[in-house]
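**Student:** Right, I'll just put the structure down here and ask away after.
The values are calculated or read from the model by the stated rules, or taken from the named source; none is laboratory data. Bear in mind the structure is a predicted one, so any value in this text is a computation, not a measurement. Neighbour counts run over all protein chains shown; Cβ positions are idealised from the backbone, glycine included. Accessible surface is based on the protein model in full, side chains and every heavy atom, while ligands, DNA and RNA are left aside. Shrake-Rupley method; radii C 1.70, N 1.55, O 1.52, S 1.80 Å.
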Amino acid sequence: MAFIHKNIARRQFLKRSAAIAAAAGSPFAANLAMIGDAAAQTANDYKALVCVFLLGGNDQGNTIVPISAADYSAYAAYRLSLSLASSSVLPIAPLASGIGNYVGPQLGLHPKLAGLKTLFDQGKCAILPNVATLVEPTTLARYESGAAKLPSQLFSHADQQSAWQTGFPDSPSETGWLGRVADLTTSRNTPGSLSMCMSIAGNNLIQAGANVIQYQLTTDGSVSIGSLNPNNGLARYAANSALLQAVLTEPRTHLLEGQYAAIAKRSIDADVAVRAAIGNAAPLQTAFGNDSLSAQLRMVARLIAGRDALQHKRQIYFVGLGGFDFHDDLLFQQDACLAKVSSAMTSFYNATVELGIADSVTTFTASDFGRAMLSNGYGSDHGWGGHHFIVGGAVKGGRVYGKFPNIAKGSPDDVGEGRLLPSTSVDEYAAVLARWFGVTNSVDLAAVLPNLNRFENFNMGFL
């Protein structure tokens, strides 16, 4: 089944690449050659991307709050019982970016984001407001008239998670944009090494490539095949273990049996490699919290510490935290969730400093969607645009990129019920990350993000 899925994904990738080539008016073979150029490059440097997915749709309205008197009054009138006290938010002072001086309202962060505020003030964290899935640039007038092309099932959890992760908001895809980035850059790692795409939060679409297969771990590390676990009564004897391994990995001529044996061998080899890499790395001194996101990011830090043993120059990680579907009890639940996000991401950044590679690791948040500004009583319903954080030593932080929305009833950024019309697409967000990671020419970017040419702001410069 892995063989079948892998080749379906490959065929889809090639079909989409052919379509891109046709649209560009250049031969497909030439485009493939250019795509291969990126994969053929050698790199002595190390880089990692870490996606922190906030499952359920984080409420952006209280994550970042306008705090000047007039803007706060409009925000409070919008949110009613959901509004934060102005005295509780943590003021920030955005610097000028390469685009120019920040011209939006005065802003403050949620009171539980103290760690991220410190990183922002230190220039190690940037903010990208009002970003979400878009098929094309959209205005309120086009939205209301029905003329705008919109993402499929716009306010659906499953559909918008898929759209965020695949980069195809209006059609299905077997691959994700980070998986396609991995397909183009995997040759920078030693051939035959562990997959560069590693997830500590289970299966996901964003890391699915046409050729690269994501490797899933737990917060305790790799997962052994049960019958080969040294603690197993049968496998604890070396001869038994060797025999079992031989039976599981013996080459087979039958297609499905052969794939099963190949998967078993890959699993065994990966488990051995991960255990050795983690076991031989120096213990981390950075303290992490006891919550699940902190545990996931601590494992990521341990794997990064073992990057040389894993023979990796490029790594892509996926971690996630649930609980962001705030239909009820928003104020209390978001307090708990954002406290975990801020603590875990701050500890992780500190761990990269400890490892001496802070400039080589970029962590970024993503979520299903933002939430409606209007209160449903004690919570908020599904929205569209949301605010996100990018953290790392290479980040041009202390800045707000893009356009902060007008937080007021009846504003041109409100498509109804306080749902924000995004000003930045996921494509534009992803393009900056992909470029920094090594996908540098326009043909490569078109293979990773086929809709990117629909948008104007190809590089917001936060990396």
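**Student:** Go through L150, L119, L128 for me and flag whichever is among the aliphatic types (A, V, I, L, M) and in a helix (DSSP H, G or I).
**Tutor:** L119
**Student:** I've got another one for you. Output yes when any residue across region 251-263 is modelled with pLDDT under 70 and open to solvent by 40 Å² or more (accessible area, probe 1.4 Å), and no when none is.
**Tutor:** no
**Student:** Take region 319-340 and flag every residue that is farther than 19 Å from L297 by Cα, open to solvent by 10 Å² or more (accessible area, probe 1.4 Å) and outside any helix (DSSP H, G or I).
**Tutor:** D325, H327, D328, D329
**Student:** Within the set of pairs 6+ apart or on separate chains, which have a first residue in region 325-345 that is closer than 11 Å to S380 by Cα, a second that is open to solvent by less than 10 Å² (accessible area, probe 1.4 Å) and part of a helix (DSSP H, G or I), and C-beta atoms under 8 Å apart?
**Tutor:** F326/Q334; L330/N62; L330/L82; L331/N62; L331/L82
**Student:** Also, I was wondering about something else. Can you tell me which residues in region 373-398 are modelled with pLDDT of 95 or more and either charged (D, E, K, R) or on the phi > 0 side of the Ramachandran plot (or both)?
**Tutor:** Within region 373-398, D381, G392, K396, G398 qualify.
**Student:** I would also like to ask the following. Collect the residues in region 372-386 that are open to solvent by less than 10 Å² (accessible area, probe 1.4 Å) and farther than 18 Å from S152 by Cα, keeping them in residue-number order.
**Tutor:** Once the filter is applied, which keeps residues that are open to solvent by less than 10 Å² (accessible area, probe 1.4 Å) and farther than 18 Å from S152 by Cα, region 372-386 yields A372, M373, G379, S380.
**Student:** Among I390, I407, which is crowded, with 23+ Cβ neighbours inside 10 Å, touching a residue at least 60 places away in the same chain (Cβ under 8 Å), part of a loop (DSSP other than H, G, I, E, B) and hydrophobic (A, V, I, L, M, F, W, C)?
**Tutor:** Result of the check over I390, I407: I407.
**Student:** Only residues that are surrounded by fewer than 22 Cβ atoms within 10 Å (Cβ to Cβ) and in a helix (DSSP H, G or I): list them for region 80-108, please.
**Tutor:** Those that are surrounded by fewer than 22 Cβ atoms within 10 Å (Cβ to Cβ) and in a helix (DSSP H, G or I): L80, S81, S86, S87, S88.
**Student:** Find all pairs meeting these conditions: Cβ atoms under 7 angstrom apart; at least six residues apart or on different chains; first residue within region 134-147 and closer than 13 Å to L421 by Cβ and part of a helix (DSSP H, G or I); second residue open to solvent by 70 Å² or more (accessible area, probe 1.4 Å) and of a type outside the set (K, R).
**Tutor:** From residues that are closer than 13 Å to L421 by Cβ and part of a helix (DSSP H, G or I), the pairs are L140/P412.
**Student:** Inside region 349-371, can you point out the residues that are surrounded by fewer than 24 Cβ atoms within 10 Å (Cβ to Cβ) and of a type in the set (A, V, I, L, M)?
**Tutor:** Listed by number, the residues that qualify are V353, L355, I357, A358, A366.
**Student:** Would region 427-439 turn up any residue that is open to solvent by less than 20 Å² (accessible area, probe 1.4 Å) and over 24 Å from L205 (Cα atoms)?
**Tutor:** Checked against the condition, which is being open to solvent by less than 20 Å² (accessible area, probe 1.4 Å) and over 24 Å from L205 (Cα atoms), region 427-439 yields no hits at all.
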